[in-house]
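The values are calculated or read from the model by the stated rules, or taken from the named source; none is laboratory data. Quantities reported herein were computed from a predicted structural model and do not represent experimental measurements. Positions of Cβ are generated from backbone atoms using ideal geometry, with glycine treated the same way; all protein chains shown enter the neighbour counts. Side chains are part of the model used for accessible areas, which takes the heavy atoms of the whole protein and leaves out ligands, DNA and RNA. Shrake-Rupley method; radii C 1.70, N 1.55, O 1.52, S 1.80 Å.
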Amino acid sequence: MTDMDRIRPDGGIDALDPPPTDIMDEETLDPAALAQNAPKLETVVQLLNQPALARVYVYVCYWGPVSPPEIMDRLELSKSTTYEYVDQLVDLGLVDRDDSTRPQQLTADPIIIVEQYVPIVITPTVLHALALQEVDEDVEYFMDRYGTGKLVAALRGAGLHFAGKTTQRMVATDIGVCDTEAMMIIYALEPALTVGRTHDPFFEHLFPDVHDQMDLSSRDEERGTQ
(Lines give C-alpha, C1' and ligand atoms only; values in the text may rest on other atoms or scores of the structure.)
Protein backbone atom coordinates (compact mmCIF):
# COMPACT_ATOMS: atom_id res chain seq x y z
CA MET A 1 0.00 0.00 0.00
CA THR A 2 1.36 3.41 -0.97
CA ASP A 3 0.97 6.69 0.91
CA MET A 4 -1.51 7.83 -1.74
CA ASP A 5 -3.62 4.73 -1.09
CA ARG A 6 -3.87 5.71 2.57
CA ILE A 7 -5.21 9.25 2.00
CA ARG A 8 -8.43 9.60 4.00
CA PRO A 9 -11.53 11.58 2.95
CA ASP A 10 -10.68 14.13 5.63
CA GLY A 11 -7.40 14.91 3.90
CA GLY A 12 -5.16 13.01 6.31
CA ILE A 13 -3.09 9.90 5.82
CA ASP A 14 -3.60 6.65 7.70
CA ALA A 15 -0.10 5.91 8.95
CA LEU A 16 0.12 2.18 9.62
CA ASP A 17 3.38 2.51 11.51
CA PRO A 18 5.39 5.36 13.01
CA PRO A 19 8.09 6.75 10.73
CA PRO A 20 11.37 4.84 10.85
CA THR A 21 13.90 6.45 13.14
CA ASP A 22 16.64 6.12 10.56
CA ILE A 23 15.13 8.89 8.45
CA MET A 24 16.26 11.33 11.16
CA ASP A 25 20.00 10.88 10.83
CA GLU A 26 22.91 13.14 11.66
CA GLU A 27 22.88 14.67 8.20
CA THR A 28 19.18 15.54 8.40
CA LEU A 29 19.55 16.98 11.89
CA ASP A 30 22.74 18.88 11.15
CA PRO A 31 22.26 22.44 12.45
CA ALA A 32 23.44 23.88 9.15
CA ALA A 33 20.86 21.81 7.25
CA LEU A 34 18.08 22.79 9.65
CA ALA A 35 19.02 26.45 9.32
CA GLN A 36 19.01 26.18 5.54
CA ASN A 37 15.51 24.67 5.50
CA ALA A 38 14.06 26.98 8.16
CA PRO A 39 13.03 29.75 5.69
CA LYS A 40 10.82 27.29 3.81
CA LEU A 41 8.76 26.65 6.93
CA GLU A 42 8.72 30.32 7.89
CA THR A 43 7.49 31.22 4.42
CA VAL A 44 4.54 28.83 4.57
CA VAL A 45 3.68 29.94 8.10
CA GLN A 46 3.53 33.54 6.89
CA LEU A 47 1.04 32.59 4.18
CA LEU A 48 -1.06 30.40 6.45
CA ASN A 49 -1.26 33.16 9.06
CA GLN A 50 -1.99 35.96 6.59
CA PRO A 51 -4.76 34.97 4.17
CA ALA A 52 -4.72 38.42 2.58
CA LEU A 53 -1.05 37.93 1.74
CA ALA A 54 -1.76 34.42 0.46
CA ARG A 55 -4.48 35.88 -1.78
CA VAL A 56 -1.99 38.17 -3.51
CA TYR A 57 0.56 35.36 -3.83
CA VAL A 58 -1.98 33.01 -5.44
CA TYR A 59 -3.09 35.70 -7.89
CA VAL A 60 0.48 36.39 -9.01
CA CYS A 61 1.25 32.67 -9.11
CA TYR A 62 -1.73 31.85 -11.32
CA TRP A 63 -1.90 34.94 -13.54
CA GLY A 64 1.64 36.35 -13.64
CA PRO A 65 3.37 38.21 -15.03
CA VAL A 66 1.14 40.90 -13.58
CA SER A 67 1.75 44.45 -12.44
CA PRO A 68 0.95 45.97 -9.03
CA PRO A 69 -1.76 48.22 -10.56
CA GLU A 70 -3.44 45.12 -11.98
CA ILE A 71 -3.41 43.50 -8.55
CA MET A 72 -4.91 46.68 -7.07
CA ASP A 73 -7.69 46.62 -9.65
CA ARG A 74 -8.48 42.90 -9.67
CA LEU A 75 -8.29 42.34 -5.91
CA GLU A 76 -9.70 45.77 -4.99
CA LEU A 77 -6.80 46.70 -2.75
CA SER A 78 -5.39 50.11 -1.93
CA LYS A 79 -2.09 51.15 -3.47
CA SER A 80 -0.27 51.14 -0.13
CA THR A 81 -1.62 47.69 0.81
CA THR A 82 -0.73 46.26 -2.59
CA TYR A 83 2.87 47.42 -2.45
CA GLU A 84 3.17 46.34 1.18
CA TYR A 85 2.11 42.80 0.27
CA VAL A 86 4.27 42.73 -2.86
CA ASP A 87 7.33 43.86 -0.89
CA GLN A 88 6.65 41.22 1.75
CA LEU A 89 6.28 38.47 -0.85
CA VAL A 90 9.48 39.56 -2.58
CA ASP A 91 11.32 39.55 0.75
CA LEU A 92 10.02 36.03 1.43
CA GLY A 93 11.35 34.89 -1.93
CA LEU A 94 7.87 33.98 -3.17
CA VAL A 95 7.54 36.67 -5.84
CA ASP A 96 10.08 37.85 -8.41
CA ARG A 97 9.93 41.53 -9.35
CA ASP A 98 11.19 42.80 -12.70
CA ASP A 99 12.12 46.45 -12.25
CA SER A 100 13.31 46.82 -15.85
CA THR A 101 9.76 47.53 -17.03
CA ARG A 102 7.19 50.15 -16.11
CA PRO A 103 5.02 49.18 -14.44
CA GLN A 104 6.93 46.43 -12.68
CA GLN A 105 6.09 42.88 -13.67
CA LEU A 106 5.61 40.26 -10.97
CA THR A 107 5.85 36.49 -11.27
CA ALA A 108 5.72 33.67 -8.72
CA ASP A 109 6.56 29.99 -8.81
CA PRO A 110 4.12 27.55 -7.19
CA ILE A 111 5.25 26.03 -3.93
CA ILE A 112 4.50 22.63 -2.47
CA ILE A 113 5.13 21.04 0.90
CA VAL A 114 4.26 17.38 1.34
CA GLU A 115 5.04 15.46 4.53
CA GLN A 116 4.35 11.76 4.10
CA TYR A 117 4.40 10.98 7.82
CA VAL A 118 2.07 13.80 8.86
CA PRO A 119 -1.25 14.69 7.15
CA ILE A 120 0.09 17.90 5.60
CA VAL A 121 -0.10 18.90 1.94
CA ILE A 122 0.30 22.58 1.04
CA THR A 123 -0.05 23.70 -2.59
CA PRO A 124 -1.37 26.87 -4.25
CA THR A 125 -4.86 25.33 -4.20
CA VAL A 126 -4.70 25.04 -0.41
CA LEU A 127 -3.45 28.61 -0.11
CA HIS A 128 -6.24 29.78 -2.42
CA ALA A 129 -8.82 28.04 -0.24
CA LEU A 130 -7.35 29.76 2.80
CA ALA A 131 -7.33 33.14 1.03
CA LEU A 132 -11.03 32.88 0.15
CA GLN A 133 -11.90 33.90 3.72
CA GLU A 134 -10.93 37.43 2.69
CA VAL A 135 -13.83 37.61 0.23
CA ASP A 136 -16.26 34.84 1.21
CA GLU A 137 -18.22 34.99 4.47
CA ASP A 138 -18.86 31.24 4.48
CA VAL A 139 -15.15 30.44 4.35
CA GLU A 140 -14.47 33.12 6.96
CA TYR A 141 -17.09 31.56 9.26
CA PHE A 142 -15.65 28.07 8.77
CA MET A 143 -12.11 29.25 9.46
CA ASP A 144 -13.16 31.11 12.60
CA ARG A 145 -15.01 28.06 13.89
CA TYR A 146 -12.69 25.23 12.85
CA GLY A 147 -9.28 26.55 11.75
CA THR A 148 -6.86 25.84 8.94
CA GLY A 149 -6.48 22.10 9.43
CA LYS A 150 -10.16 21.36 9.08
CA LEU A 151 -10.42 23.72 6.10
CA VAL A 152 -7.82 21.61 4.29
CA ALA A 153 -9.82 18.50 5.23
CA ALA A 154 -12.97 20.18 3.86
CA LEU A 155 -11.12 20.99 0.63
CA ARG A 156 -10.23 17.34 0.18
CA GLY A 157 -13.81 16.36 0.98
CA ALA A 158 -15.15 18.91 -1.52
CA GLY A 159 -12.96 17.45 -4.25
CA LEU A 160 -14.24 13.97 -3.53
CA HIS A 161 -17.81 15.25 -3.53
CA PHE A 162 -17.50 16.96 -6.91
CA ALA A 163 -15.95 13.75 -8.24
CA GLY A 164 -19.05 11.86 -7.15
CA LYS A 165 -17.17 9.77 -4.58
CA THR A 166 -18.93 11.03 -1.48
CA THR A 167 -22.07 12.86 -0.40
CA GLN A 168 -22.30 16.10 1.54
CA ARG A 169 -23.47 14.15 4.59
CA MET A 170 -20.49 11.82 4.32
CA VAL A 171 -18.14 14.78 4.15
CA ALA A 172 -19.80 16.22 7.25
CA THR A 173 -19.23 12.95 9.12
CA ASP A 174 -15.65 12.59 7.88
CA ILE A 175 -14.52 16.04 9.00
CA GLY A 176 -16.77 16.36 12.06
CA VAL A 177 -19.10 19.22 11.15
CA CYS A 178 -22.86 19.46 10.80
CA ASP A 179 -24.55 18.74 7.47
CA THR A 180 -25.39 22.37 6.72
CA GLU A 181 -21.81 23.47 7.39
CA ALA A 182 -20.48 20.75 5.09
CA MET A 183 -22.82 21.83 2.29
CA MET A 184 -21.84 25.46 2.82
CA ILE A 185 -18.08 24.92 2.76
CA ILE A 186 -18.13 22.44 -0.13
CA TYR A 187 -19.64 25.00 -2.46
CA ALA A 188 -17.66 27.89 -1.01
CA LEU A 189 -14.43 26.05 -1.87
CA GLU A 190 -15.46 25.25 -5.44
CA PRO A 191 -13.61 28.30 -6.87
CA ALA A 192 -10.31 27.06 -5.41
CA LEU A 193 -10.86 23.66 -7.03
CA THR A 194 -11.96 25.13 -10.36
CA VAL A 195 -8.95 27.38 -10.76
CA GLY A 196 -6.49 25.05 -9.08
CA ARG A 197 -7.27 22.16 -11.41
CA THR A 198 -6.11 24.30 -14.33
CA HIS A 199 -3.33 26.38 -12.82
CA ASP A 200 -1.89 24.50 -9.85
CA PRO A 201 0.81 22.11 -11.15
CA PHE A 202 0.62 20.22 -7.85
CA PHE A 203 -3.15 19.72 -7.90
CA GLU A 204 -2.71 15.96 -8.26
CA HIS A 205 -0.84 15.82 -4.96
CA LEU A 206 -4.10 16.76 -3.25
CA PHE A 207 -6.33 14.61 -5.44
CA PRO A 208 -4.25 11.78 -6.93
CA ASP A 209 -7.33 9.63 -7.26
CA VAL A 210 -9.96 12.08 -8.57
CA HIS A 211 -8.17 15.12 -10.02
CA ASP A 212 -9.62 14.46 -13.49
CA GLN A 213 -13.09 13.39 -12.37
CA MET A 214 -14.49 16.54 -10.73
CA ASP A 215 -17.66 18.05 -12.19
CA LEU A 216 -17.00 21.71 -11.48
CA SER A 217 -19.00 24.71 -12.64
CA SER A 218 -17.86 26.68 -15.66
CA ARG A 219 -17.26 29.84 -13.62
CA ASP A 220 -14.90 32.56 -14.80
CA GLU A 221 -11.58 31.16 -13.60
CA GLU A 222 -9.91 34.50 -13.03
CA ARG A 223 -12.80 35.72 -10.93
CA GLY A 224 -12.31 32.60 -8.84
CA THR A 225 -8.99 33.91 -7.50
CA GLN A 226 -10.48 37.19 -6.39
Query raised in the report: In the neighborhood of residue 79, defined by Cβ-to-Cβ distances under 14 Å, what is the net charge if each Lys or Arg adds +1 and each Asp or Glu adds -1?
Result: -4
**Report entry** Length gained when the stretch residue 165-residue 148 is fully extended (0.36 nm per residue, less Cα-Cα span)
**Finding:** 3.8 nm
Query raised in the report: Considering only protein heavy atoms, what per residue accessible area in square angstrom results for the range 36-135 with a 1.4 angstrom probe?
Result: 49 Å²
Query - Cα-based convex hull, the range 41-143, per residue volume (Å³, whole number) - result: 98 Å³
Requested in this report: Please give the net charge around residue 164, taking every other residue with its beta carbon less than 13 angstrom from that of residue 164, where Lys and Arg add +1 and Asp and Glu add -1.
Outcome: -2
Requested in this report: Give me the number: length gained by fully extending residue 178 to residue 213, i.e. 0.36 nm times residue separation minus the C-alpha to C-alpha distance, one decimal in nm.
Outcome: 10.0 nm
Report summary line: Dividing the mean separation of Cα pairs under 8 Å (6+ apart) by the residue count of the range 121-226 yields a relative contact order in percent of 34 percent
Query raised in the report: Residues with beta-carbon under 11 Å from that of residue 189, excluding residue 189: net charge, scoring Lys, Arg +1 and Asp, Glu -1?
Result: -2
Query raised in the report: Using θ = phi - 60° and the Karplus form 6.51 cos²θ - 1.76 cosθ + 1.60, what ³J(HN,Hα) does each residue of the range 171-185 get, whole Hz, x for Gly and Pro?
Result: 4, 4, 5, 4, 9, x, 10, 6, 4, 5, 5, 5, 4, 4, 6
Report summary line: Using a 1.4 Å probe on heavy atoms of the protein chains only, the accessible area for residue 40 in Å², nearest 10, reads 130 Å²
